[in-house]
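Undergrad: One structure, pasted below without further comment.
The values are calculated or read from the model by the stated rules, or taken from the named source; none is laboratory data. The model shown is predicted, which means the values in this text are computed figures rather than measured ones. Using ideal geometry, Cβ is built from the backbone for each residue, glycine included, and neighbour counts are taken over all protein chains shown.
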Ligand code: ADP
Ligand code: MG
């Protein structure tokens, strides 16, 4: 289906044409009229399938620019995602009088407040910063909001924002529409849905296949000691347009960047410890393809859209299957080919086996192919799996405590 068939305002249609958007992606096609009809919605689709515009286009269409007040509120888990989201809305609404704006931590509240005093129709916000505004300054009025959106709802819950989100949702007692967008639907989301959504329509695309099909899953079985050497050889051998290399902590990332800097020139390192301005500038340079290799902690795995990324490399094996999906979803977007390369050591063979099975991944092995343990096999292996799971729980609890303010969000991302 084409955007020209939707009866969109001409300003939106022209903007979409300028952006090179002609055909709706499947999730956009399935959700467009539901959103316009005012229904509550639960939309689940693979990463890189165009969920931002699926929501952004009908929102811009519905907003009445002559009416004052915030008419659409979009909650996103991170600052970078807030910027990216508002950027997409900016492009969609460029020729209309709709005013989008984003608030997030790490940026002056005073400046944000000044802007909020002017006209803002569509507000993108991280939960912590929004609560700071609602609670401490009372300078945001949500009573005109007609549509509330949770983007990356799964990530938000995983990051411990559930209480924040419930608090925000409970503030909005007037009649409104609620839309959830996510790539995965873990159980806690269902409770929120039962409490806050009215008879939601579920749109689930490719639920068996949360990862894009254009993504090839490569694996390299290696010992910890050889890993760096193997990585360097891999990076030199492969035809890489851009790569993100994920590490599990800031400390590991620092070690890795020190080892790679001597070998590769166009390389950067992004993590949660950087100042906001530095983080934004690194993201922007990477997006403009001025940096080829980006070492990153999981900070960079959430929802961000980098269209040139040909390779996502899990140098450290990701904690949890959802993390694998989010990291590797940074490539293979919108049907473009991408390679996810994951380094696997003996320790991870148990979890790898279930990852392959659950996600129906057909692995491409480089080097030796390990023997994956059979499910009922030795305790030792099962212990290994449990140990990794426990470790992951411990980390997620430490990294993602429930937070009620931007201050605790800062704590939250300390190890990312
Ligand atoms: P998701 O939120 O599902 O992970 P995004 O909303 O970030 O995906 O979109 C991924 C990419 O696809 C973005 O670069 C976006 O500009 C592009 N895109 C979205 N919709 C369309 C479309 N209809 N036609 C062409 N490109 C699109
Ligand atoms: Mg998204």
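Undergrad: Considering only the stretch 92-124, state which residues are under 18 Å from residue 305 (Cα atoms) and either touching a residue at least 24 places away in the same chain (Cβ under 8 Å) or surrounded by fewer than 24 Cβ atoms within 10 Å (Cβ to Cβ) (or both).
TA: Matches in the stretch 92-124: 92, 124.
Undergrad: Identify the single condition in (1) more than 19 Å from the chain's Cα centre (by Cα); (2) surrounded by fewer than 19 Cβ atoms within 10 Å (Cβ to Cβ); (3) on the phi < 0 side of the Ramachandran plot that residue 281 does not satisfy, given that it satisfies every other one.
TA: All conditions pass for residue 281, except number (1).
Undergrad: Enumerate the strands (runs of 3 or more DSSP E) found wholly within the stretch 1-104, keeping only those where 2 or more residues are out of contact with any strand residue (DSSP E or B) (no Cβ under 7 Å at 6 or more places or on another chain) and more than 9 Å from ligand 1 (Cβ to nearest atom).
TA: Details: elements: 41-44, 72-75, 100-103.
So the answer is none; nothing clears 2.
Undergrad: Further question on the same structure: Output the number of the condition that residue 130 fails; it satisfies all remaining conditions of (1) crowded, with 19+ Cβ neighbours inside 10 Å; (2) in a helix (DSSP H, G or I); (3) within 16 Å of ligand 1 (Cβ to nearest atom).
TA: (3)
Undergrad: Can you tell me which residue among 195, 280, 184 is touching a helix residue (DSSP H, G or I) at 6+ places or on another chain (Cβ under 9 Å), assigned by TED's automatic domain parsing to the domain that holds residue 147, closer than 23 Å to residue 306 by Cα and at pLDDT below 90?
TA: Going through 195, 280, 184 in turn, the sole match is 184.
Undergrad: Follow-up. For residue 312, work out the one condition from (1) within 15 Å of ligand 1 (Cβ to nearest atom); (2) in contact with a strand residue (DSSP E or B) (Cβ under 7 Å, 6 or more places away or on another chain); (3) in a loop (DSSP other than H, G, I, E, B) it doesn't fulfil.
TA: The one condition residue 312 does not meet is (3).
Undergrad: Also, quick follow-up: Residues 242, 220: which one is more than 22 Å from the chain's Cα centre (by Cα) and within 15 Å of residue 314 (Cα to Cα)? Before you say what the answer is, go through the steps one by one.
TA: Working: 242 fails: more than 22 Å from the chain's Cα centre (by Cα).
Exactly one of 242, 220 is more than 22 Å from the chain's Cα centre (by Cα) and within 15 Å of residue 314 (Cα to Cα), namely 220.
Undergrad: Please determine, by comparing only the residues of the stretch 137-152 that are more than 16 Å from ligand 1 (Cβ to nearest atom), touching a residue at least 40 places away in the same chain (Cβ under 8 Å) and not in a loop (DSSP other than H, G, I, E, B), which one is farthest from residue 64 (Cα to Cα).
TA: Per the stated criteria, the residue is 148.
Undergrad: Okay, moving on. Here is a list of conditions, (1) farther than 21 Å from residue 105 by Cβ; (2) out of contact with any strand residue (DSSP E or B) (no Cβ under 6 Å at 6 or more places or on another chain), and residue 281 meets all of them except one; can you say which number that is?
TA: Here residue 281 meets the rest and fails (1).
Undergrad: Here are the criteria: (1) within 16 Å of ligand 1 (Cβ to nearest atom); (2) within 15 Å of residue 231 (Cβ to Cβ). Tell me which single one residue 330 does not satisfy.
TA: (2)
Undergrad: Could I ask something else about it? Can we say residue 65 is touching a residue at least 12 places away in the same chain (Cβ under 8 Å) and farther than 14 Å from residue 91 by Cα?
TA: Yes.
Undergrad: Going by the conditions given, is residue 89 under 25 Å from residue 167 (Cα atoms), buried (at least 22 other Cβ atoms within 10 Å of the Cβ) and in the same structural domain as residue 171 (by TED's automatic domain parsing)? Give the steps one after another, and end with the answer.
TA: On the way: under 25 Å from residue 167 (Cα atoms): no; buried (at least 22 other Cβ atoms within 10 Å of the Cβ): yes; in the same structural domain as residue 171 (by TED's automatic domain parsing): yes.
When the stated conditions are applied, residue 89 does not pass them.
Undergrad: Can you tell me which residue in the stretch 326-365 is farthest from the chain's Cα centre (by Cα), limited to those that are surrounded by 17 or more Cβ atoms within 10 Å (Cβ to Cβ) and in a strand (DSSP E or B)?
TA: That would be 344.
Undergrad: So the check is Cβ under 6 Å with 6+ separation or different chains; which pairs have a first residue in the stretch 175-196 that's more than 19 Å from residue 72 (Cβ to Cβ) and a second one that's buried (at least 20 other Cβ atoms within 10 Å of the Cβ) and modelled with pLDDT of 85 or more?
TA: Going by the 6 Å Cβ cut-off, the qualifying pairs are 185/44; 189/153.
Undergrad: Given the structure, is residue 293 surrounded by 18 or more Cβ atoms within 10 Å (Cβ to Cβ), in contact with a helix residue (DSSP H, G or I) (Cβ under 9 Å, 6 or more places away or on another chain) and without any contact (Cβ under 8 Å) to a residue 60 or more places away in the chain?
TA: yes
Undergrad: While we're here: Go through the stretch 299-311 residue by residue and tally those that are at pLDDT 85 or above and within 16 Å of ligand 2 (Cβ to nearest atom).
TA: So the count comes out to 1.
Undergrad: Can you tell me which residue in the stretch 138-155 is surrounded by the fewest Cβ atoms within 10 Å (Cβ to Cβ), limited to those that are within 15 Å of residue 74 (Cβ to Cβ) and away from ligand 2 (no atom under 16 Å from the Cβ)? If you could, list the steps in order and put the result at the bottom.
TA: Here is the first cut: in the stretch 138-155, the ones within 15 Å of residue 74 (Cβ to Cβ) are 140, 142, 144-153, 155.
Applying the additional criterion that residues be away from ligand 2 (no atom under 16 Å from the Cβ) yields 140, 142, 144-148.
Details: 140: 22, 142: 18, 144: 15, 145: 21, 146: 19, 147: 22, 148: 21.
The residue in question is 144.
Undergrad: Of all residues in the stretch 316-362, which are out of contact with any strand residue (DSSP E or B) (no Cβ under 6 Å at 6 or more places or on another chain) and at positive phi?
TA: Scanning the stretch 316-362 gives 320, 334, 335, 360.
Undergrad: Looking at the stretch 158-187 only, could you name the residues that are under 19 Å from residue 202 (Cα atoms), outside any loop (DSSP other than H, G, I, E, B) and away from ligand 2 (no atom under 15 Å from the Cβ)? Steps first, answer last, please.
TA: Residues of the stretch 158-187 that are under 19 Å from residue 202 (Cα atoms), as a first pass: 176-187.
Still in the list and also outside any loop (DSSP other than H, G, I, E, B): 177-182, 187.
If the condition is that a residue be under 19 Å from residue 202 (Cα atoms), outside any loop (DSSP other than H, G, I, E, B) and away from ligand 2 (no atom under 15 Å from the Cβ), then 177, 178, 187 are the ones that fit.
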